[in-house]
1. Semi-axes of the equivalent ellipsoid of the chain: what are they in whole Å, largest first, if each equals the square root of 5 times a C-alpha gyration tensor eigenvalue?
2. Report, to the nearest 10°, how far helix 88-98 tilts away from the longest principal axis of the Cα atoms in the chain, using its own Cα long axis and a range of 0 to 90°.
3. With an 8 Å Cα cut-off and a minimum separation of 6 or more residues, compute the relative contact order for the chain in percent.
4. Per-residue ellipticity at 222 nm for the chain, helices alone: DSSP H runs ≥ 4 residues times -39500 (n - 2.57), over residue total, nearest 500 deg cm²/dmol?
5. Given H placed on each backbone N at 1.01 Å, which residues far from ARG18 in sequence or on other chains put an amide H within less than 5 Å of it?
6. Run the quick spin-label model on ALA36 and ASN90: label points 7 Å from Cα toward the beta carbon, then report their separation in nm to one decimal.
7. Given the peptides 84-95, 41-52, 13-24, arrange them by the average over their residues of other C-beta atoms within 10 Å, most packed first.
8. With everything on Cα atoms, drop me the angle between helix 19-49 and the longest principal axis of the chain, reported from 0 to 90° to the nearest 10.
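Each reported figure results from applying straightforward, stated rules to the coordinates on display, with no laboratory input. Predicted, not measured: the structure shown is a model, and the values here were computed from it. Backbone-built Cβ (ideal geometry, glycine too); neighbour counts: all protein chains shown.
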Amino acid sequence: MTFLPAILFLVIDPYRRRRFVRFHSFQSIFFFGSSALVAIVFGLFSSLLLGHLLALLFLMIFAIGWGILWLVLMAKALLGEYLLLPWLGNFAYEQAQGSNSQSA
């Protein structure tokens with residue numbers, strides 16, 4: 001449940017005022033949501049077209065890639081760096097700019 005800490009950071013007062021924290025929280029929420037959607041759609045289509053074993057193999061490969069990308073995103077956040085994911089990163093950056101007028 002990678003999105004739960006992100007939601008907490010958007011709610012807890014000292015953290016929600018920092019634009020950097022808001023950016024990474026929004027990007028984490030969007031990343032989790034889009035990953036879940038892609039996994040569900042891909043799982044349905046691949047199990048219908050490829051069979052269950054091959055679909056399971058593809059989903060396992062997807063999960064490993066997702067885990068590695070998630071670790072990279074966490075490392076960048078801990079190092080204090082921005083790493084904008086394609087599409088999601090720009091949207092998260094815009095949300096972080098506009099969600100609170102007190103930016104730090």
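1. Details: eigenvalues 199, 33, 24 Å².
Whole-Å semi-axes of the equivalent ellipsoid: 32, 13, 11.
2. 20 degrees
3. Working: 77 pairs, mean separation 38.9, N = 104.
Once normalised by length, the contact order is 37 percent.
4. Helix-only estimate at 222 nm: -26500 deg cm²/dmol.
5. none
6. 2.6 nm
7. Descending mean neighbour count gives 13-24, 84-95, 41-52.
8. Its long axis makes an angle of about 10 degrees.
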